[in-house]
1. With the Cα gyration tensor of region 35-99 giving a ≥ b ≥ c as the square roots of its eigenvalues, does the rule (a/c under 1.5 for rounded; else a/b larger than b/c for prolate; else oblate) give rounded, prolate or oblate?
2. With the cut-off at 24 Å, tell me which of the pairs Lys206/Lys333; Lys321/Lys354; Lys139/Lys202; Lys321/Lys346; Lys153/Lys182 have Cα atoms farther apart than that.
3. Step through the table entries Lys73/Lys332; Lys177/Lys207; Lys207/Lys407, compare each Cα-Cα distance with 28 Å, and write down the pairs that go over it.
4. Starting from the Cα gyration tensor of region 15-55, take the square roots of the eigenvalues, sort them a ≥ b ≥ c, and report rounded, prolate or oblate (rounded when a/c is under 1.5, otherwise prolate if a/b is larger than b/c, else oblate).
5. Note down, for region 249-398, the three equivalent ellipsoid semi-axes (square root of 5 times each alpha carbon gyration tensor eigenvalue), biggest first, whole angstrom.
6. Which residues in region 18-33 place their backbone N less than 14 Å from a point set 7 Å from the Cα of Ile184 along the Cα-to-Cβ direction?
7. Return the loop-located GluC sites (Glu not before Pro) in region 201-260 (DSSP other than H, G, I, E, B) with at most 15 other Cβ atoms within 10 Å of their own Cβ; answer none if there are none.
8. Between Val72 and Lys464, what is 0.36 nm times their sequence separation minus the Cα-Cα distance? Round to one decimal in nm.
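Just so it is clear, none of the values below were taken in a lab; they were calculated from the coordinates. If you're wondering where the values come from, they're calculated on a predicted model, not measured in any experiment. Please note: Cβ atoms are built from the backbone with ideal geometry, for glycine as well, and neighbour counts cover all protein chains shown.
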Amino acid sequence: MATVIVGTGLAGLTCANQLLELGKSPVILLDKTGTIGGNSTKASSGINGAHTRTQEAQNIQDNPELFYQDTVKSSKGRGVTDLMDKLANDSHLAIQWLQEEFGLSLDLLAQLGGHSVARTHRSSGKLPPGFEIVSTLSKRLKEIAEKEPEKCKIILNANVVDVNINNEKAITGVIYKDGEGKEIQLDANNVVFCSGGFGFSKDMLKKYAPETVDLPTTNGPQTTGDGQRILEKIGADMIDMDQIQVHPTGFIDPEDPSAGSKFLAAEALRGLGGILLNPSTGKRFVNELSTRDAVTNAIQTHCPKEKNTALLVMGEGIYEKCKVNLDFYMFKKLVNKITIAELVKKYEVPVDAKEVASEINSYNVSSSDSFGRTLVIQNFGENVTQDTTVFVGEVTPVVHFTMGGAKINTSSEVVGKDGQVVANGLYAAGEVSGGVHGANRLGGSSLLECVVFGRTAAKTIASKN
């Protein structure tokens, strides 16, 4: 009988590819939208891995234990440490799989907030990391679906509304509505939920974290927690549902500043040397590479309350390292390439441009950062003046990721409050699950979670069938 995968983001694509690699078919992927990829296509900083060949080639000393400790520290005592341990210990295998099985280079590294070393991987090509990984994995599945439809089928505009479980607590299939609203039953002995988070659902945000409901979001309109609702209804232990990640830097579009959906300003921009300035003082106010919740809190505490914004400022030296991102942001008019004097005028910073230049210069030449930033990358050139050219964009905190979801075990099986599996053949991977990140997710761990637990679900299914 078939394995049904609900969702075609990176977790779903990973699970499907791994199942087919292991010779387990047929695999049927369902997605409620008309396109493949979900929020995974938007991921802009990269995917984490500890003790990888890319790190070794760049003489970066890292290991799973250090990554695990960073993850536990970031989680603030929430979540499930066994899942964090698996995330860290399987991370190099996830990177290796993407490199060897799919030919992805993943040859560039950045150190993001909360990480002890540079371990967030992306490729040096022209595509952003999320889009590159998703398009590569989906291409293979599409080819298999076309050549061998008996092995793989992808059904779009298929909104799963329920799961069938028999009296012996075993999965027997799913019910979905097609594009015309017709209910269709699909037989399956395994169902893997890879349906994403609920960052676009105002009613769920209001229920679990009302303080976030008025914030803009980076999530696509499909991110409404359908999977969480179904899994809760059938007995899953829903954990950390109140833990919503508010990312500190979503770009404000000058042509639509109050838009409810915003493009993410990739954390890699800060990891590669970008700094944050308070627009009311022209000064830095935070270690830009603190954890996401800490940077968000600093913006909300120190920057102008009525706008809740900061200025993300980057030196010209960052361009070659982030060309793909910056070209896109400038095309969208989210980032401007201007002098510091023009920055002061454009963003109405109420201080002299020489003071702003001096503030940037003090970061640029420091060996001991006043905010405790240990990774000081100097991209502003020598002797910063008011005529120095910079890249700058206005940013604000945005709802980005929902850490909570259905609790899973280290085999990716969905478990209930009693710790037992809800049903034989029921799995979850990616943002729909809970426990992997606790109270705060490290940048680069969302794509990693999808690959690690998507592969795990596939391997568990293969071992039992």
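1. On the way: a/c = 1.94, a/b = 1.06, b/c = 1.83.
The shape class here is oblate.
2. Numbers: Lys206/Lys333 32 Å; Lys321/Lys354 27 Å; Lys139/Lys202 33 Å; Lys321/Lys346 26 Å; Lys153/Lys182 19 Å.
In this structure, Lys206/Lys333; Lys321/Lys354; Lys139/Lys202; Lys321/Lys346 exceed 24 Å between Cα atoms.
3. Working: Lys73/Lys332 36 Å; Lys177/Lys207 26 Å; Lys207/Lys407 19 Å.
Listed pairs above 28 Å: Lys73/Lys332.
4. Details: a/c = 4.95, a/b = 1.29, b/c = 3.85.
It comes out oblate by the Cα gyration axes.
5. Working: eigenvalues 82, 59, 53 Å².
Semi-axes (√(5λ), whole Å): 20, 17, 16.
6. Residues passing the 14 Å test: 28-33.
7. Numbers: sites: Glu211, Glu232, Glu255; in loops: Glu255.
Here the sparse-neighbourhood loop sites are Glu255.
8. On the way: separation 392, 0.36 × 392 = 141.12 nm, distance 3.11 nm.
That works out to 138.0 nm of additional length.
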